[in-house]
Amino acid sequence: MWITTVVLVVGFGILATSDFRINSDMGLLSAIVIFIALIVDFTILPSALLIFDRKSYVKEDVSHANELSQSPRGGAAQGQQ
């Protein structure tokens, strides 16, 4: 990801040196946007994934959970009093 971003920023940076104003502006803006996208990918994206991805990926053992809920002391050992 780093190498791709560097290559794109350098390529569009070279386009920014053009004498043709439209090409120059497009190259500069493209280089800036790609660099900002890299920074966002490494800073904001991981925290956003942690916030919005709250789905549990671990399966519960349903039979064990049922046994615990049906025991008289809520999961405590039967022999202890």
Check: How high is the relative contact order of the range 2-55, in percent, counting Cα pairs under 8 Å that sit 6 or more residues apart?
Finding: 32 percent
Checklist line | the range 2-55: projected area of the alpha-carbon convex hull, averaged over directions, in nm² | finding: 4.3 nm²
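A short reminder: the numbers here are calculations on the coordinates, not readings from a lab. Computed from a predicted model, the values in this text were never measured in an experiment.
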